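Undergrad: Take this structure, written in structure tokens, and hold onto it; I'll ask about it next.
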Amino acid sequence: MAGRPARSPLPKAAWPSSTARPATALAAASASAARLTSDHLPADAPSIDELLAETRGGMTRLRPEAAFAGLTDAAVLVDIRSLEQRIVEGEVPGAIIIGRNVLEWRLDPRSDARIPALARSDAQIIVMCSEGYASTLAAATLRRIGLREATYLDGGFQAWQAAGLPTRPAQSLG
């Protein structure tokens, strides 16, 4: 009914200690999450910084100039940034755009949704995100599914652009 506050999906016993009932499920979840601490995590669960350091330790990362040189030697630059990021930041001409949410399906040689020209165990894939964080984890996942030469662009698009390498405004979908 219009004008009526949303009801909380939590029973009254699960509400925060204040007497006011949360106005939305998001407010209730946020209040509940605020009470959680890292003590609730498994003892062996790494932080994201630890996970990145561990992942980067086992992989060669390419500085923008080395990645650019690799493109002339059959390497492929795969841009996993969202459309919104590409609109704000720009694009690298010639980069293959594959959304992060479908990357593994497009590049797994066993996937029915693969891109045959790229989904090969010997493909030299350089994954690029905005700053080099998401691409680190994405490249590690590609290696786990058999793309032995997958790596990532250290510093991402931001470093590529700062190095003065070719960029262009995002291309329209039209």
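What follows is calculated from the coordinates using simple rules that are stated; it is not laboratory data. Computed from a predicted structure; not experimentally measured. Positions of Cβ are backbone-derived with ideal geometry, glycine not excepted, and every protein chain shown enters the neighbour counts.
Undergrad: Students often check this: by mean Cβ neighbours within 10 Å, which of 141-149, 73-81 ranks highest, and how do the rest follow?
TA: 73-81, 141-149
Undergrad: Taking the highest mean first, how do the peptides 126-135, 24-33 order by number of other beta carbon atoms within 10 angstrom per residue?
TA: So the peptides 126-135, 24-33, ranked by packing, come out 126-135, 24-33.
Undergrad: Got a sec to turn the phi values of the range 109-126 into Karplus ³J(HN,Hα) couplings, 6.51 cos²θ - 1.76 cosθ + 1.60 with θ = phi - 60°, whole Hz, x for Gly and Pro?
TA: x, 8, 7, 5, 9, 5, 9, x, 5, 9, 7, 9, 5, 9, 5, 8, 9, 10
Undergrad: Here is a further query. Using θ = phi - 60° and the Karplus relation 6.51 cos²θ - 1.76 cosθ + 1.60, list the HN-Hα couplings for the range 91-102 in order, rounded to whole Hz, with x at every Gly or Pro.
TA: Once θ is set to phi - 60°, the couplings for the range 91-102 become 10, 9, x, x, 5, 8, 8, 9, x, 4, 6, 10 Hz.
Undergrad: Around Gln124, which amide H atoms from residues at least 5 apart in sequence, or from another chain, sit under 5 Å from its own amide H, with H modelled in the peptide plane?
TA: Val76
Undergrad: Further question on the same structure: Using alpha-carbon positions, what is the distance between the centroids of the range 118-174 and the range 75-111, in Å?
TA: After rounding, the separation between the Cα centres reads 7 Å.
Undergrad: Still on this structure: With only Lys, Arg, Asp and Glu charged, each at its Cβ (+1 for the first two, -1 for the last two), find how big the charge dipole of the range 48-162 is about the Cα centre; round to the nearest 20 debye.
TA: 320
Undergrad: Across bins of 10 angstrom width beginning at 0, how are the C-alpha pair distances of the range 48-162 distributed, in whole percent?
TA: 15, 51, 32, 3
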